[in-house]
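The values are calculated or read from the model by the stated rules, or taken from the named source; none is laboratory data. Note that the coordinates shown come from a computational prediction; the quantities given were computed from them, not determined experimentally. Counting neighbours? That spans all protein chains shown, and the Cβs are built from the backbone with ideal geometry, glycine included.
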Amino acid sequence: IGILGVDKDGKEWYQITLGGSDGTALSGPAIGGKVVGPSFTAAEVPDVIEALLATFRELRKPGEFFIDALRRIGHDPFKQAANSARRPKADQEALAEQD
């Protein structure tokens with residue numbers, strides 16, 4: 001799970017990526033992760049991460065690492081979970097103003 005800060009209209013937003021690798025033996029060759037969707041506000045990020053982890057806990061096999069579950073299952077269930085944690089647009093704009 002990667003988190004990348006981006007500037008959007010002078011406000012801070014965050015892109016969440018999945019499936020990237022730093023090139024270690026555990027995660028495999030170095031590759032960038034796939035963005036799960038449009039950027040999230042800072043206030044949404046903890047809920048998005050929790051939704052991703054809840055999906056992993058629900059769908060993983062015993063002893064399976066996150067990256068292995070993601071490769072086996074695919075990105076869609078994780079994208080759906082992340083986007084279900086998204087707040088309505090009006091709430092996003094208000095939260096972005098506060099950050």
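With the condition kept exactly as written, say whether any residue in the range 17-27 is among the aliphatic types (A, V, I, L, M) and at pLDDT below 90. Within the range 17-27, one or more residues are among the aliphatic types (A, V, I, L, M) and at pLDDT below 90. Selection of first residues in the range 11-36 that are farther than 19 Å from Glu64 by Cβ and of second residues that are aromatic (Phe, Trp, Tyr) and in a strand (DSSP E or B), restricted to Cβ pairs under 8 Å at least 6 apart or on distinct chains, gives the following pairs, ordered by first then second residue: Trp13/Phe40; Tyr14/Phe40; Gln15/Phe40; Ile16/Phe40.
Of the helices (runs of 4 or more DSSP H) lying entirely inside the range 10-84, those containing at least 3 residues that are in contact with a Pro (Cβ under 9 Å, 6 or more places away or on another chain) are 45-59. Can you tell me which residue in the range 73-84 is nearest to Ile49 (Cα to Cα), limited to those that are surrounded by fewer than 18 Cβ atoms within 10 Å (Cβ to Cβ) and touching a residue at least 40 places away in the same chain (Cβ under 8 Å)? So, considering only residues that are surrounded by fewer than 18 Cβ atoms within 10 Å (Cβ to Cβ) and touching a residue at least 40 places away in the same chain (Cβ under 8 Å), the one nearest to Ile49 (Cα to Cα) is Asn83.
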